[in-house]
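Asker: The structure under discussion is supplied below as structure tokens; questions concerning it will follow.
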Amino acid sequence: MVSDADLQGLDAQIVALAAKVQSLQQSCRHMEAELKDLTSALTTPEMQKEIQDLKKECAGYRERLKNIKAATNHVTPEEKEQVHRERQKYCREWRKRKRMATELSDAILEGYPKSKKQFFEEVGIETDEDYNVKLPDP
């Protein structure tokens, strides 16, 4: 026979030991996480090699930038203006052809019994709107 006082003492001891076990388990998890971080980190020689590689890469970029800045074949204002004029010309043609195609499809659709969408699917017409393409501003 064990007295109630002894049982309560043993219960208190069980609670204290359970709390200690929980605390130790939490500490163990923290240490395992720290160990994982440390093992996944680069070692000093690996880090030094990485730094050297990055310095070489940086030097290559600096050399490339120096060559670009020293280049004498930049776009002249005349070439820029020519490209701008060509862009305007092609945009005008795009608008003109789009308007003609729209007028032609509207004329066909006047006598067509189905919807415009069904007509385009049957014929295989793809519109700018299907691909979210917008005409550039002039």
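The values are calculated or read from the model by the stated rules, or taken from the named source; none is laboratory data. Please read all numbers here as calculations on a predicted model, not as lab measurements. Here the Cβ is made from the backbone with ideal geometry for all residues, glycine too, and neighbour counts use every protein chain on show. Surface areas here come from the heavy atoms of the whole protein model, side chains and all, with no ligands, DNA or RNA. Shrake-Rupley method; radii C 1.70, N 1.55, O 1.52, S 1.80 Å.
Asker: Would you mind getting the accessible area per residue of the stretch 56-138, heavy atoms of the protein chains only, 1.4 Å probe, in Å²?
Answerer: 92
Asker: Right, here's the next one. Quick one: length gained pulling GLU103 to LEU17 fully straight, 0.36 nm per residue minus the C-alpha distance?
Answerer: Extra length from GLU103 to LEU17 when fully extended: 22.2 nm.
Asker: With angles folded into 0 to 90 degrees, how steeply does helix 44-70 sit against the dominant principal axis of the chain? Use alpha carbons for both and round to 10.
Answerer: Roughly 20 degrees between the two axes.
Asker: Report, ordered by chain and residue number, the aspartates and glutamates lying within cross-link reach of LYS49, taken as a straight Cα distance under 16 Å and ignoring same-chain residues fewer than 8 apart.
Answerer: LYS49 reaches GLU57.
Asker: What is the Å³ per residue value for the convex hull set by the Cα atoms of the stretch 96-137?
Answerer: Taking the convex hull of the Cα positions in the stretch 96-137, it is 75 Å³ per residue.
Asker: Next up: What is the chain by shape, rounded, prolate or oblate, if you read a ≥ b ≥ c off the alpha carbon gyration tensor as root eigenvalues and call it rounded for a/c under 1.5, prolate for a/b larger than b/c, and oblate otherwise?
Answerer: Judged from the Cα gyration tensor, the chain comes out oblate (a/c at least 1.5, b/c at or above a/b).
Asker: Here is a further query. Rounded, prolate or oblate for the stretch 56-117? Axes are the square roots of the Cα gyration tensor eigenvalues, ordered a ≥ b ≥ c, and the cut-off for rounded is a/c under 1.5.
Answerer: Cα axes put the stretch 56-117 in the oblate bin.
Asker: Turning to a different aspect of this structure: Compute, for the chain, the length of the dipole vector about the Cα centre, with Cβ point charges of +1 (Lys, Arg) and -1 (Asp, Glu) only. Units Debye, rounded to 20.
Answerer: With only Lys, Arg, Asp and Glu charged at Cβ, the dipole is about 1160 debye.
Asker: Given a 1.4 angstrom probe, I'd like the percentage of the accessible area of the stretch 96-137 that is carbon and sulfur, rounded to a whole number.
Answerer: Accessible surface attributable to carbon and sulfur in the stretch 96-137 totals 52 percent.
Asker: Helix 4-40: angle to the longest alpha-carbon principal axis of the chain, degrees 0 to 90, nearest 10?
Answerer: 40
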